[in-house]
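Quick notes on the structure that follows.
The values are calculated or read from the model by the stated rules, or taken from the named source; none is laboratory data. Source: prediction; values computed, not measured. Note that each Cβ is placed from the backbone with ideal geometry, even for glycine, and that neighbours are counted across all protein chains shown. The accessibility values were calculated without ligands, DNA or RNA, using every heavy atom of the protein model including side chains. Shrake-Rupley method; radii C 1.70, N 1.55, O 1.52, S 1.80 Å.
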Amino acid sequence: MEMKFLAPLHRVALSLLTALTFTPLVSAQSSDGDNEKKSRGLGVAPADAFKLADGFAIELLHEVAAESEGSWVSLTVDPKGRLIACDQYGGLFRIDVSVDPVTVEPLAIEFQGAQGLLHAFGALYANVNLRGPTGGLWRLTDTNGDDQYDTKEQLVRMNAGSEHGPHAIILSADGERLIFCAGNNTDIPQNLARSRVPQVWDEDHLLGRMPDARGHNANRMAPGGFVISLNPDGSDLELIAVGFRNHYDLAINRRGDLFTFDADMEWDVGTPWYRPTRVNHVVSGVDFGWRNGTGKWPEYYADSFGTAVDIGPGSPTGIVFGYGAKFPAKYQNALFLCDWSYGNIYAVHLDADGSTYGGSFETFATAAPLPATDLVVHPGDGAMYLTVGGRKTQSGLYRIRYIGEESTEPADEPADDAATIAARELRRSLEGLHSEKSASAAAALANLGHPDRGIRSAARVALEHRPVADWASAALSLDHPHARITAVVALARTADGDYQSQAIDALTGIDWASRSQTERLDLLRAYALVFLRLGAPTPEQTAEILTQLDDRFPSADPVVNRELAQVLIYLSAPDSGNGSAVERTVALMKTAPSQEDQIHYAMALREAKSGWTDESRMAYFGAFVSMSEARGGMSFGGFLDNIRKVAIENLPDDPKLMDKLADVLAPPQAAASDTAQPTRPTVKAWTVDDLAVAVAADEHDYDYEQGKRVFAEAQCYKCHRMGLQGGILGPDLTAAGRRFTPRDLLVSTLEPSKEISDQYGATQFLTEDGQVVVGRVINMNANNLMVLTNMLDPSSLTTLNRDAIEEARPATTSMMPAGLLDTFTQEEIVQLMGYLRAGGRSDHPLYGGTVATN
């Protein structure tokens with residue numbers, strides 16, 4: 001389990017859509033009726049401090065005694081319907097929730113430091129995350145029938161002690177095996193029986209990587225966190241998937257598919273390698289791409305796998321499907337997620353997407369503080385039980401029930417159509433080849449170009465498990481372009497340099513113009529892997545590749561541009577009439593709408609030796625001035641400094657050049673204050689009535705480029721994503737125009753405090769000495785809360801002691817500042833709203849295109 005700290009962000013406007021993202025409250029109950037002490041904020045959040053989805057109620061069942069019971073981080077249900085909880089640094093506790101008040105007893109067995117629990121096969125399984133010889137998976141049993149565990153045996157030894165250590169244990173879909181997960185500071189156990197993941201992982205960065213700027217895990221390399229299945233006796237360990245950062249829990253849906261909720265690296269916020277917390281469909285044999293520092297793989301890499309649902313910043317802990325809960329059907333089928341740092345429980349609604357999944361999410365429950373650690377659905381009473389705690393914070397146990405009017409009868413999963421069922425069955429049949437490695441590769445070869453990513457991935461992994469000589473010739477001669485690209489990815493990962501020329505020949509024969517975005521990205525990744533693993537191209541091969549790619553850069557696709565830039569910089573593409581690859585990349589860097597794009601290009605160019613002009617060097621180093629005024633996570637500034645330092649070290653030894661660059665090589669000075677007056681003059685204090693008619697007009701002369709420019713100048717990219725660009729601290733706005741009316745969008749922009757989403761809201765604390773503190777709780781340790789109070793100076797935190805808090809209540813003002821558009825003209829605001837309505841797409845009907853609007 002990892003508790004997080006979110007650091008500086010630039011001029012944060014956390015939510016253009018704060019009013020539009022949460023199903024409002026509801027009902028909350030306390031089991032003891034005495035809320036006076038709790039309402040003053042001295043203990044865990046009282047029941048009446050929660051906001052929940054409509055029709056739900058919550059009870060505080062037990063406030064954990066810190067001195068004797070610790071701080072609880074995991075739950076399981078034993079065969080008698082009792083809960084078992086574990087203290088992060090202490091022992092085990094058994095809770096009878098069938099009585100009022102609940103009873104809590106410490107278990108007699110000497111056992112400490114569990115961060116994952118499961119009762120199965122007549123035993124209690126626990127993953128211990130303490131340093132020393134006790135780290136790893138244990139089995140506790142009651143051998144004499146006295147209702148106490150008296151025997152413990154270590155089944156799997158693992159290094160532990162980091163918050164990125166061994167975590168949850170669950171039952172496999174067939175109920176025959178165990179599955180557990182461990183974070184990226186845990187070594188894969190040495191006694192693996194087999195691996196569904198081809199054990200060929202590497203860092204695989206075409207232009208190299210840089211470690212975390214603050215030194216975090218600097219020497220921790222691939223494969224990162226993992227998932228393993230094994231027999232109940234601890235034998236037959238099978239590696240299922242790798243490449244996670246710090247996934248704390250696992251859950252399996254009724255279709256038998258495995259999911260996890262993986263952590264972000266919050267220090268990366270604002271950089272192109274930041275990956276938000278996300279729900280992953282854990283498919284067989286995949287590397288999900290965690291790498292240290294700048295090295296996190298983008299989700300579109302052909303040798304990795306994407307996300308089912310991106311959540312945003314947070315700290316993932318327990319997850320559970322709502323199966324067996326006496327909830328409405330929608331919530332019975334939801335995947336519930338705990339976010340420790342921001343105090344949210346999310347309900348994720350997964351939808352079939354071919355052989356895999358997509359979906360959406362909502363905030364199901366929230367309070368401040370709410371360091372949620374784990375969830376279970378009780379098979380007896382159909383209620384959901386929630387623990388809060390961790391890192392010695394005040395801990396508690398809650399029960400969530402549904403008291404509304406909807407039916408709570410057991411509900412089936414929504415039925416899949418025939419195409420979805422067929423796709424899932426095909427993926428699973430190919431995944432069977434990951435363990436049955438003697439079977440023919442024919443089925444894998446036949447599906448390397450399948451349009452479904454899950455099927456294509458399963459086919460590639462199946463090939464990688466087989467001797468290259470058995471399939472290389474057939475794979476490289478495939479007619480289907482995407483199949484040939486995928487085959488080269490597999491070949492590069494598993495073959496040796498003898499196949500280099502065949503691999504490059506297979507790729508250069510592919511027609512770029514007729515390929516989709518996915519195929520183009522996969523082609524560029526295939527080239528990168530060939531260069532890295534099979535060998536650099538010869539001058540003749542380089543010329544052929546440049547004929548295929550060079551005049552395609554830059555393209556109209558910003559994501560493809562990122563990958564094209566890396567390949568062409570690696571190849572030292574010269575000036576063939578439109579500037580060298582370096583010059584074109586510098587031009588993109590200067591005009592990039594988001595800081596993430598700027599930083600990506602700065603990183604790609606840092607070690608480029610050829611293709612520079614004095615003017616492009618001036619522009620490159622000059623761009624660090626504007627980038628230094630941006631904000632991000634704790635490592636953000638250090639990353640920029642390190643990139644710039646490497647670029648300076650790679651300058652030629654030319655005194656005249658150094659004289660020319662003297663001004664731009666001076667350390668960039670960031671703006672003196674993020675609260676300085678805007679450079680644009682105030683136009684008007686706009687109201688909704690001023691603009692409502694204008695922004696709703698379909699017949700207006702909408703200009704895509706102008707709308708995009710205003711989106712950037714209004715600094716929307718700092719917090720919001722549009723497509724694959726922008727920040728992640730506010731809602732993703734790509735689909736906003738499909739979900740909300742133009743007036744809704746306008747209201748949320750001009751009047752952000754009219755309705756405040758609990759996902760992005762602040763809390764008002766009143767202390768015993770009369771101090772009023774308003775902000776978001778973003779970190780906790782023991783009895784202290786760290787509150788972010790000024791979104792324009794997010795490095796400034798206020799520390800509050802729980803015992804000094806008289807009262808805590810939701811703040812009535814949004815963290816998104818009002819007046820953000822007061823320096824823009826009516827025409828500019830109309831163009832901005834058009835850009836939002838179009839979801840950032842130039843082919844939207846507002847711009848004369850034909851793309852679907854729903």
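Could you tell me which residue out of Ile95, Pro79, Ala222 lies farthest along the dipole of the chain toward its positive end? Charges go on the beta carbon: Lys and Arg +1, Asp and Glu -1, centred on the Cα centre.
The listed residue farthest towards the positive side: Ala222.
Could you work out the Kirkwood radius for the range 61-191, taking every pair of different alpha carbons, averaging 1/r and inverting it, reported in Å?
Evaluated on the range 61-191, it is 15.1 Å.
With each label point set 7 Å from Cα along the Cα-Cβ vector, what nm distance links Asn231 and Gln764?
It works out to 6.3 nm between the two label points.
In square angstrom, rounded to the nearest 10, how much accessible surface does Leu788 have for a 1.4 Å probe?
Rounded to the nearest 10, the figure is 10 Å².
With each label point set 7 Å from Cα along the Cα-Cβ vector, what nm distance links Val99 and Ala193?
Here the modelled spin labels are 4.2 nm apart.
At 0.36 nm per residue, minus the direct Cα-Cα distance, what do Asp381 and Thr613 gain on full extension? Give it in nm, one decimal, please.
So the extension gain works out to 76.3 nm.
What distance in nm lies between label points placed 7 Å from Cα along the C-beta direction at Ala587 and Asp698?
Label at Ala587, label at Asp698, 3.8 nm between them.
Taking every pair of alpha-carbon atoms in the range 115-227, give the share separated by more than 20 Å as a whole percent.
51 percent
From the protein chains alone at 1.4 Å, what is the descending order of accessible area for Met658, Met786, largest first?
Ranked list, largest accessible area first: Met658, Met786.
Between Ser626 and Ala419, what length in nm is gained on full extension when 0.36 nm per residue of separation is reduced by their alpha carbon distance?
Here the segment from Ser626 to Ala419 would lengthen by 69.5 nm.
Under 5 Å between amide hydrogens, which residues at least 5 positions from Ser74 or on another chain qualify, with H placed 1.01 Å from N in the peptide plane?
Correct list: Cys86.
Tell me the volume per residue, in Å³, of the convex hull enclosing the alpha carbons of the range 300-400.
120 Å³
Please give the peptides 229-240, 256-267 ranked by average Cβ packing (other Cβ atoms within 10 Å per residue), highest first, as a rough proxy for protection.
Taking the mean over residues of other Cβ atoms within 10 Å, the ranking is 256-267, 229-240.
Could you run the Karplus curve 6.51 cos²θ - 1.76 cosθ + 1.60 with θ = phi - 60° over the range 285-301 and give me ³J(HN,Hα) per residue in whole Hz, x for Gly and Pro?
Result, ordered by residue: x, 9, 9, 7, x, 5, 9, 6, x, 6, x, 4, 6, x, 5, 8, 4 Hz.
Given R₀ = 22 Å, FRET efficiency for Asp479-Thr547 by Cβ-Cβ distance, to 0.05?
The computed FRET efficiency comes out at 0.55.
Carbon and sulfur atoms: what percent of the 1.4 Å accessible area of the range 617-666 do they account for?
After summing per-atom areas, the C and S share lands at 53 percent.
Amide H of Thr277: which non-local residues (sequence gap of 5 or more, or other chain) have their own amide H closer than 5 Å, using H built in the peptide plane?
Asp264, Ile311, Gly312, Gly314
Among Leu478, Ile421, Ile169, which residue has its Cα positioned farthest towards the positive end of the charge dipole of the chain, with +1 placed on the Cβ of Lys and Arg, -1 on the Cβ of Asp and Glu, and the dipole taken about the Cα centre?
Of the options given, the answer is Leu478.
Compute the orientation-averaged projected area for the range 184-263 from the convex hull of its Cα atoms and round it to one decimal in nm².
So the Cα hull casts an average projection of 7.0 nm².
Taking all protein chains together and a probe of 1.4 Å, list His720, His465 from the most accessible to the least accessible.
So, going from the largest accessible area down, we get His465, His720.
Taking a quarter of the surface of the Cα convex hull of the chain, what do you get in nm²?
So the Cα hull casts an average projection of 36.8 nm².
Please turn the phi angles of the range 437-448 into ³J(HN,Hα) values with the Karplus equation 6.51 cos²θ - 1.76 cosθ + 1.60 (θ = phi - 60°), one per residue in order, whole Hz, x for glycine and proline.
With coefficients 6.51, -1.76 and 1.60, one gets 7, 8, 5, 5, 8, 4, 5, 5, 4, 5, 10, 5 Hz.
Can you list the equivalent-ellipsoid semi-axes of the range 385-492, largest first and in whole Å, using the square root of 5 times each Cα gyration tensor eigenvalue?
Computed over the range 385-492, the values are 44, 21, 12 Å.
With +1 on the Cβ of every Lys and Arg and -1 on the Cβ of every Asp and Glu, and nothing else charged, how large is the dipole of the range 420-479 about its Cα centre, in debye rounded to the nearest 20?
Dipole size: approximately 180 debye.
May I ask you to derive the FRET efficiency for Ser753 and Glu153 from their Cβ-Cβ distance with R0 = 51 Å, giving the value to the nearest 0.05?
The calculated FRET efficiency here is 0.35.
Taking the Cα centre of the chain as origin and charging only Cβ (+1 Lys, Arg; -1 Asp, Glu), how large is the dipole, in debye to the nearest 20?
With only Lys, Arg, Asp and Glu charged at Cβ, the dipole is about 940 debye.
Multiply the residue separation of Ala411 and Asp142 by 0.36 nm, subtract the distance between their alpha-carbon atoms, and state the gained length in nm to one decimal.
Length difference between fully extended and current span is 93.2 nm.
Of Pro539, Gly819, Gly404, which is farthest along the charge dipole of the chain in the positive direction, counting Lys and Arg as +1 and Asp and Glu as -1 at C-beta?
Pro539
Carbon and sulfur atoms: what percent of the 1.4 Å accessible area of the range 443-581 do they account for?
The computed percentage sits at 49.
Taking only DSSP H segments of four or more residues, each worth -39500 (n - 2.57), what value at 222 nm results for the chain once the sum is divided by all its residues, to the nearest 500 deg cm²/dmol?
The per-residue figure over the chain is -7500 deg cm²/dmol.
Principal axis lengths of the range 578-652 from Cα atoms, whole Å, largest first?
Answer, in whole Å and largest first: 36, 27, 16 Å.
With every protein chain kept in the model, how would you rank Lys660, Lys296 by accessible area, 1.4 Å probe, largest at the top?
If we order Lys660, Lys296 from most to least accessible, we get Lys660, Lys296.
If the only charges are +1 at each Lys and Arg Cβ and -1 at each Asp and Glu Cβ, what is the size of the charge dipole of the range 434-521 around the Cα centre, to the nearest 20 debye?
That gives the range 434-521 a dipole magnitude of about 280 debye.
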